[in-house]
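Input: a single structure, listed below in structure tokens.
The values are calculated or read from the model by the stated rules, or taken from the named source; none is laboratory data. Every value quoted in this text rests on a predicted model; they were computed, and no experiment measured them. Backbone-built Cβ (ideal geometry, glycine too); neighbour counts: all protein chains shown.
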Amino acid sequence: MIFVLLTLLPLLWGCSANEPPLAGTPVDPAVLFEHSTFADAALELEVRSLLGRPRGELSTAELNSIEILDAGRKGIEDLTGIDRLAHLRVLRLSANAFSDISPLQMLNRLEELDLGQNNITDAGGLTALGTLQVLVLSNNQLTEIGPLAQLTRLTQLDLDHNQISNLSPLRGLKLLRLLNFDDNFVRDLSALEALPALRRVELSGNPIDLEILAPLRERGIQVGFYLPPLGIGDDILEEEIRETLGIETGEISDANLRTIQRLSLRGAVSSIRGIERLTNLRIFSVIGVRAPLNDISPLSDLIRLREISIFNTELTSLQGLFQLRLLRRLRLDSNRIEDLSPLGQLTGVNDMSLGTNQIRDVFPLRRLIRMVKLNLSNNEIRDLGPLVKLIALEELNFNRNDVSSLAFVANMQKLRVLNCSTNLIEDISPLLDLPALTRVSLQGNPLSDKAKAHARELIDRGVTVIAPQ
């Protein structure tokens with residue numbers, strides 16, 4: 001049985017151990033949510049929150065009482081076990097991070113299903129859902145939609161922002177009224193001739209000749225079609241996008257932009273407006289030349305981002321990062337950052353580098369307990385006490401600050417490498433209890449004679465110590 005530490009939750013609980021929690025009541029951050037029913041802790045958290053059952057075995061009757069589950073933007077990566085919610089009619093799972101939807105195949109009462117903004121490449125898990133009337137698969141990575149041919153009760157279907165080129169599997173969907181497939185690779189619309197109930201279709205951003213739209217309009221069908229401007233706010237950004245795609249001039253569709261998973265910019269980048277259209281971006285970096293890149297909020301909707309590096313851009317504001325639940329590596333060195341509060345919700349980050357900024361307060365980092373590697377060098381920090389719970393740390397660098405105490409490292413049993421040079425440290429006794437320590441840099445500190453003796457003890461233990469003589 002596993003328990004999940006609740007740190008942030010829209011519906012928080014706060015009752016005695018013998019009373020059911022009240023929805024909307026703030027919870028002590030130490031409350032534990034049991035993780036024993038579903039493979040994914042985030043999914044279980046949503047179900048238990050909905051039922052008001054932070055702990056204890058969930059009965060079949062309780063799980064069957066759930067007919068509507070809205071769990072968008074929760075960082076869910078695995079749907080295994082969701083078949084236990086056998087009475088679901090409405091399921092909304094947009095903006096998560098799963099790719100395998102086969103666990104949904106037993107939910108044969110579903111009428112509405114939203115799977116938009118995930119990593120789905122295969123729709124095969126939907127073939128048994130014959131009761132579906134509304135289906136959203138937008139912003140995924142689908143290239144083929146054959147499994148949808150069996151969903152004959154569909155009245156609304158959203159396939160926007162995928163990589164689909166063939167609509168023929170939709171020919172049998174005689175009840176379909178609304179169809180969205182903006183920004184795909186569709187050229188042939190003949191399949192739509194077989195849809196007698198069709199009333200509206202959105203197909204902007206496809207490589208379609210305008211003349212083939214006329215028959216649809218003659219049937220009274222509302223047709224939405226346009227090619228949007230690229231809308232990129234910086235010449236360097238647009239040039240790199242075009243180079244990545246191999247499209248030197250002309251229109252670039254959203255379907256093209258969604259093929260980009262890695263983008264690296266160099267030079268005086270002043271704006272990243274328009275980057276939000278690269279919805280499959282995983283890795284993004286900017287190496288600037290002291291250009292004032294002050295607004296990175298366009299990154300906020302790029303929920304698949306796992307790594308961000310922004311160096312030497314005079315960046316001051318981190319607004320827009322807090323939604324990036326899948327982010328694992330964040331490097332923001334050589335900027336002008338002072339306020340770290342937007343980073344407080346990035347609990348999945350395990351590698352963070354914030355060197356050479358203007359940081360004084362590290363309190364917002366206190367909950368980032370998965371952190372393995374942290375660089376805070378060359379800032380204005382006096383107190384690292386808030387990091388005391390970051391016990392997964394293996395590498396920590398805070399050289400060139402104003403820190404005087406190492407007490408906060410006492411429980412960091414995995415810490416291997418520590419650079420605390422050029423601070424105000426006199427006492428290094430907390431280092432004697434760190435069994436994994438292999439290297440420590442202490443030069444530039446006013447070490448006491450006792451601390452120097454402790455340094456020799458560490459050397460005798462096989463630790464590489466760089467310290468003043």
(request) Check whether at least one residue in segment 357-368 is under 13 Å from the mean Cα position of the chain (by Cα), under 20 Å from Ser297 (Cβ atoms) and part of a loop (DSSP other than H, G, I, E, B), and report yes or no. (result) no
(message) Can you pull out every residue in segment 43-63 that is surrounded by 20 or more Cβ atoms within 10 Å (Cβ to Cβ) and either small (Gly, Ala, Ser) or not in a loop (DSSP other than H, G, I, E, B) (or both)?
(response) Leu43, Glu44, Leu45, Glu46, Val47, Arg48, Ser49
(request) Could you tell me whether Arg282 is surrounded by fewer than 20 Cβ atoms within 10 Å (Cβ to Cβ) and either touching an Asp or Glu at 6+ places or on another chain (Cβ under 8 Å) or not assigned by TED's automatic domain parsing to the domain that holds Thr313 (or both)? (result) yes
(request) Looking only at segment 88-126, count how many residues are over 13 Å from Leu159 (Cα atoms), in contact (Cβ under 8 Å) with a residue 24 or more places away in the chain and in contact with a helix residue (DSSP H, G or I) (Cβ under 7 Å, 6 or more places away or on another chain). (result) 7
(request) Could you list all residues from segment 46-104 that are under 24 Å from the mean Cα position of the chain (by Cα) and not assigned by TED's automatic domain parsing to the domain that holds Thr131? (result) Glu46, Val47, Arg48, Ser49, Leu50
(request) Tell me which residues, restricted to segment 83-122, are in contact with a strand residue (DSSP E or B) (Cβ under 8 Å, 6 or more places away or on another chain) and either charged (D, E, K, R) or assigned to a strand (DSSP E or B) (or both). (result) Arg89, Val90, Leu91, Arg92, Glu111, Glu112, Leu113, Asp114
(message) Just to be sure before I move on: is Ser334 among the polar types (S, T, N, Q) and part of a loop (DSSP other than H, G, I, E, B) in the structure I sent?
(response) yes
(request) State the number of residues belonging to segment 434-455 that are in contact (Cβ under 8 Å) with a residue 12 or more places away in the chain and over 36 Å from the mean Cα position of the chain (by Cα). (result) 12
(message) Can you find a residue that is surrounded by fewer than 16 Cβ atoms within 10 Å (Cβ to Cβ) and β-branched (Val, Ile, Thr) anywhere in segment 224-233?
(response) no
(request) Within segment 443-469, track down each residue that is over 16 Å from Leu396 (Cα atoms), hydrophobic (A, V, I, L, M, F, W, C) and in contact with a helix residue (DSSP H, G or I) (Cβ under 9 Å, 6 or more places away or on another chain). (result) Leu447, Ala451, Ala455, Leu458, Ala467
(message) Condition first: over 18 Å from the mean Cα position of the chain (by Cα), crowded, with 22+ Cβ neighbours inside 10 Å and either of a type in the set (Lys, Arg) or under 19 Å from Asn96 (Cα atoms) (or both). Now tell me which residues in segment 136-149 satisfy that.
(response) Leu137
(request) Can you give me the number of residues within segment 319-364 that are more than 18 Å from Asn397 (Cα to Cα) and among the polar types (S, T, N, Q)? (result) 5
(message) I'm told Ile428 meets every condition in (1) over 21 Å from Pro468 (Cβ atoms); (2) touching a His at 6+ places or on another chain (Cβ under 6 Å) except one. Can you identify the failing condition by its number?
(response) (1)
(message) Take the residues in segment 395-442 that are β-branched (Val, Ile, Thr) and out of contact with any helix residue (DSSP H, G or I) (no Cβ under 8 Å at 6 or more places or on another chain); name whichever of them is nearest to Asp351 (Cα to Cα).
(response) Val417
(message) Anything in segment 178-189 that is surrounded by fewer than 16 Cβ atoms within 10 Å (Cβ to Cβ) and over 16 Å from Tyr226 (Cα atoms)? List them, or say none.
(response) Asp188
(request) State whether one or more residues within segment 64-76 are part of a loop (DSSP other than H, G, I, E, B), charged (D, E, K, R) and modelled with pLDDT under 95. (result) yes
(request) Pick out the one residue from Arg262, Arg217 that is among the basic types (Lys, Arg), surrounded by fewer than 14 Cβ atoms within 10 Å (Cβ to Cβ) and under 30 Å from Leu195 (Cβ atoms). (result) Arg217
